[in-house]
1. Got a sec? Charge dipole of the chain, +1 on Cβ for Lys and Arg, -1 for Asp and Glu; which of Phe68, Tyr123, Ala80 is way out at the positive end?
2. Work out the length of the dipole vector of the stretch 1-45 about its Cα centre, built from +1 on the beta-carbon of each Lys and Arg and -1 on the beta-carbon of each Asp and Glu, and round it to the nearest 20 debye.
3. Please compare each pair in Lys101/Lys124; Lys13/Lys46; Lys46/Lys124 to a cut-off of 23 Å on the Cα-Cα distance and tell me which ones are over it.
4. Relative to the compact globular guide of 2.2 N^0.38 Å, what is the alpha carbon radius of gyration of the chain, as a ratio?
5. Placing +1 at every Lys and Arg Cβ and -1 at every Asp and Glu Cβ, with all other atoms neutral, what dipole size does the chain have around its Cα centre, in debye to the nearest 20?
6. Of Ile88, Ile18, which has the most accessible area and how do the rest follow, probe 1.4 Å?
7. Over what distance in Å are the Cα centres of the stretch 1-59 and the stretch 71-133 separated?
8. Taking each full run of DSSP H in the chain as one helix, which ones are at least 30 Å long along their axis (Cα atoms) and have mean Kyte-Doolittle hydropathy of at least -0.5?
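The values are calculated or read from the model by the stated rules, or taken from the named source; none is laboratory data. Quick caveat, the model's predicted, so the values are computed rather than measured. We place every Cβ from the backbone using ideal geometry, glycine too, and count neighbours over all the protein chains shown. The protein model used for the area step is the full one, side chains on, heavy atoms only, and it has no ligands, DNA or RNA in it. Shrake-Rupley method; radii C 1.70, N 1.55, O 1.52, S 1.80 Å.
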Amino acid sequence: MFIGEYRHTLDTKGRLAIPVKFRNALERGAVVTKGIDRCLVLYPLKEWNALAERISQLPTSQADTRAFSRMTLASAMDVACDNQGRIIVPEYLRDYATMHKNVILAGLYNRIELWDEGVWQEYKTATEENSGDIAERLSTFGV
């Protein structure tokens with residue numbers, strides 16, 4: 001399970017250190033892709049395969065399905081941790097997420113979101129300001 005918020009630095013070659021406590025779950029491979037809200041999402045291979053299978057079952061006759069499939073699947077890249085526990089984040093994904101030097105890795109149970117630190121702080125502030133309204137809307141889901 002991925003939980004917690006970590007700050008790491010992206011080097012000039014696009015390498016990003018993965019927190020030590022997350023590395024074991026990524027040993028068998030991982031995939032990074034575009035996420036919603038201008039972040040990136042890092043999936044362990046098992047989770048990625050499950051998501052890709054669900055996406056493949058959606059009706060391609062619907063425009064939203066095609067758009068989501070293209071955004072998620074076409075932008076995906078296999079990644080692996082090097083000997084120092086770093087992955088290479090492709091330039092096109094860094095550009096999408098406006099990711100510069102400081103990166104936040106947010107553990108979200110079965111995936112890790114990667115955010116430019118400035119974008120994350122803006123998002124987090126806005127979300128925290130609206131937390132009461134968000135909680136009320138989610139109450140219908142039993143949360």
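1. Highest projection toward the positive end goes to Ala80.
2. Working: 8 positive and 4 negative charges, 21 e Å.
Result for the stretch 1-45 is approximately 100 debye, rounded to the nearest 20.
3. Pairs exceeding 23 Å: Lys13/Lys46; Lys46/Lys124.
4. Compared with the compact-globule rule of thumb, the chain sits at 1.09.
5. 500
6. Numbers: Ile88 100, Ile18 0 Å².
In descending accessible area the options line up as Ile88, Ile18.
7. Centre-to-centre (Cα) distance: 8 Å.
8. none
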